[in-house]
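No value in this document is a laboratory result; all are computed from the given coordinates. None of the values given here were measured: they were computed from a predicted structure. Virtual Cβ from ideal backbone geometry, glycine too; neighbours counted across all protein chains shown.
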């Protein structure tokens with residue numbers, strides 16, 4: 001049965017289609033099933049501020065301090081079951097607002113849960129509540145289980161070589177077999193890869209996301225061919241702009257390493273016809289995830305799920321990994337960044353994979369005591385504290401960059417192009433504000449003029 005057929009059903013028949021285990025209970029409800037069980041009775045949202053672990057903290061604070069703020073959504077159905085969901089407030093495909101909540105209260109949760117426009121946490125919580133009421137895991141609502149375990153990757157932003165090696169070693173000790181990071185010209189990527197590879201076995205994989213910073217195939221291919229000499233290097237993400245199909249195809253043909261592109265840029269059919277990548281990065285809401293996953297399966301294109309947040313979002317991602325045949329590249333959920341992941345029991349990773357839950361709903365419980373402890377007022381806008389960033393090279397060159405109000409500000413026009421192109425010996429650090437006139441003057445000049453040499 002597909003989703004359209006399921007949603008066309010009503011009453012006991014629709015609920016019985018979810019699971020034979022609940023059929024007796026649901027038949028007892030008679031024609032008032034939706035009202036008695038699946039009507040959305042209440043929605044509660046709570047803002048929580050998470051703290052990064054030590055190594056991510058000193059690196060994420062350069063560019064992404066705002067990933068600390070997440071919102072937990074709790075949907076209560078007439079059944080009494082409470083579903084949970086999460087929205088990483090300043091990095092997500094959709095943030096629920098008061099109007100979205102108003103749209104679902106009083107509605108049959110089954111009829112609205114596939115609406116991606118509701119946003120991340122609200123949609124997730126609706127699925128969890130429906131599945132808990134029907135006494136089935138979320139993946140029963142998504143399709144047929146084809147993978148009992150699904151791969152996960154450890155993630156961190158670009159770091160020093162020593163920090164990257166430390167994170168890879170930590171990931172391996174915790175059962176992960178894959179690490180994803182950024183490839184950036186303000187770090188020595190050759191030294192990063194060398195030290196990281198020395199910290200893990202050869203079958204541990206390292207994936208690098210360049211976010212277009214290699215610029216062109218002609219410029220990038222020599223770098224990519226150098227990096228691929230390290231056995232652990234497995235996937236390059238978006239090495240050059242994705243709209244350059246010919247250039248991306250040239251990179252695919254030149255390297256043994258898989259090339260990944262974000263699904264939808266440009267349209268996936270054109271990407272496949274051009275042989276411009278080896279697989280996709282799939283994101284966003286449930287309807288789009290299933291559609292992208294099915295297209296990838298039809299085209300025999302592997303992909304990874306990129307659904308970012310705490311352990312709550314990672315648990316949600318596991319269910320899609322369970323039903324999508326080609327979700328065989330390690331999922332990127334980023335919950336490893338945080339000291340606490342908001343789950344009462346953590347996701348266990350062994351041999352690079354985690355079990356797809358078979359308990360009702362998401363299969364994990366929220367640590368409500370921790371949520372109450374970490375609860376904070378929701379910021380009025382994205383937090384953007386003053387940051388001064390220093391980049392140095394072995395020859396003595398030194399540059400300073402300041403945040404400019406943009407997300408990923410080091411990549412914005414007028415910033416990135418002032419840095420030398422992947423020059424060896426690069427090191428970057430966040431310069432603490434010591435209250436001195438020198439710090440303030442450097443910060444103001446760098447913010448006003450873009451990266452400056454000093």
Take the Cα pairs of the stretch 76-122, get the Kirkwood Rh, then feed it into Stokes-Einstein at 25 °C and 0.890 mPa s and tell me D in µm²/s.
216 µm²/s
With a ≥ b ≥ c from the Cα gyration tensor eigenvalues, square-rooted, and the rule rounded for a/c under 1.5, otherwise prolate when a/b > b/c and oblate otherwise, the stretch 388-453 is oblate
What nm distance separates the two modelled labels at residue 144 and residue 198, each placed 7 Å from Cα along Cα→Cβ?
5.0 nm
If packing is taken as the average count of other Cβ atoms within 10 Å, what order do 252-259, 76-83 fall into, highest mean first?
76-83, 252-259
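Ranked from highest to lowest mean number of other Cβ atoms within 10 Å per residue, what is the order of the peptides 63-69, 314-320?
On the way: 63-69: 20.1, 314-320: 27.6.
For the peptides 63-69, 314-320, the packing ranking is 314-320, 63-69.
Calculated FRET efficiency, residue 253 and residue 169, Cβ-Cβ r, R0 35 Å, to nearest 0.05?
Values: r = 34 Å, r/R0 = 0.97.
For R0 = 35 Å, the calculated efficiency reads 0.55.
Over the stretch 253-360, what lengths in whole Å, largest first, do the semi-axes of the equivalent ellipsoid take, defined as the square roots of 5 times the eigenvalues of the alpha-carbon gyration tensor? Mind showing how you got there, number by number?
Working: eigenvalues 145, 43, 31 Å².
That gives 27, 15, 12 Å for the three semi-axes.
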Helix 245-254 sits at what angle to the longest principal axis of the chain, using alpha carbons and giving 0 to 90 degrees rounded to 10?
70 degrees
Spin-label pair residue 275/residue 406, simplified geometry with 7 Å Cα→Cβ offset, distance in nm:
3.6 nm
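Taking 0.36 nm per residue of separation and subtracting the Cα-Cα distance, what length does fully extending residue 228 through residue 441 add?
Values: separation 213, 0.36 × 213 = 76.68 nm, distance 4.19 nm.
Extra length available between residue 228 and residue 441 comes to 72.5 nm.
Counting helices only, and only those DSSP H runs with n ≥ 4, report the 222 nm mean residue ellipticity of the chain as the sum of -39,500 (n - 2.57) divided by its residues, in deg cm²/dmol to the nearest 500.
Working: 17 runs with 155 residues, N = 454.
Per the formula, -9500 deg cm²/dmol.
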Out of these labelled values of Cα extents along the principal axes in Å, (i) 65, 55, 48; (ii) 78, 51, 37; (iii) 66, 50, 47, which was calculated from the coordinates shown here?
(ii)
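Give me the number: length gained by fully extending residue 97 to residue 61, i.e. 0.36 nm times residue separation minus the C-alpha to C-alpha distance, one decimal in nm. Intermediate values should be presented prior to the final figure.
Values: separation 36, 0.36 × 36 = 12.96 nm, distance 2.70 nm.
Full-extension gain reported as 10.3 nm.
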Separation of alpha-carbon centers, the stretch 53-129 and the stretch 236-293, rounded to whole Å
27 Å
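Please report the antiparallel percentage of DSSP beta bridges with both residues in the chain, rounded to the nearest 5. Could you put the intermediate results ahead of the total?
On the way: 36 of 60 bridges.
Of the beta bridges lying entirely in the chain, close to 60 percent run antiparallel.
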For the pair residue 355 and residue 398, the simple spin-label estimate (label points 7 Å beyond Cα toward Cβ) gives in nm 5.5 nm
